[in-house]
Amino acid sequence: MIASYVDQHEPQIAASVAKAMVAKGFSLTALNRSKRRFAVFDEVITRHKDIPELQIAVLLAGAMIVNGLNLIMLNRSEKRLQFRRRHHPI
């Protein structure tokens with residue numbers, strides 16, 4: 001279902017897609033499917049990072065926090081640094 005709307009950029013549709021993708025990432029977290037979970041969170045961040053809607057920004061912030069916390073829990077510091085550099089270059 002997500003795939004049908006993933007390329008839509010209308011704010012309401014994009015927000016719904018981002019919300020669904022973040023929910024999918026949380027579900028994969030609960031199922032302990034780390035590789036797929038990281039891929040979903042990376043995809044939602046990459047696809048929606050340039051959309052200025054506040055609702056989407058909040059979802060992306062949540063996805064980034066969860067991804068970072070999961071990397072910390074898995075003690076994957078190098079991956080955490082790569083993730084941070086890719087999504088928040090300083």
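Every read-out reported here was derived from the displayed coordinates using simple, explicitly stated rules and does not represent laboratory data. Just so it is clear, the structure is predicted and the values come from calculations on it, not from any experiment. Counting neighbours? That spans all protein chains shown, and the Cβs are built from the backbone with ideal geometry, glycine included.
So here's what we get for this one:
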read-out: Order of Ile56, Ile65 under a 10 Å beta carbon neighbour criterion, fewest first; value: Ile65, Ile56
read-out: Backbone N within region 10-42 under 14 Å of label point (7 Å from Asp50 Cα along the Cβ vector); value: 10
read-out: FRET E, pair Ala57, Ala30, Förster distance 35 Å, beta-carbon r, rounded to 0.05; value: 0.90
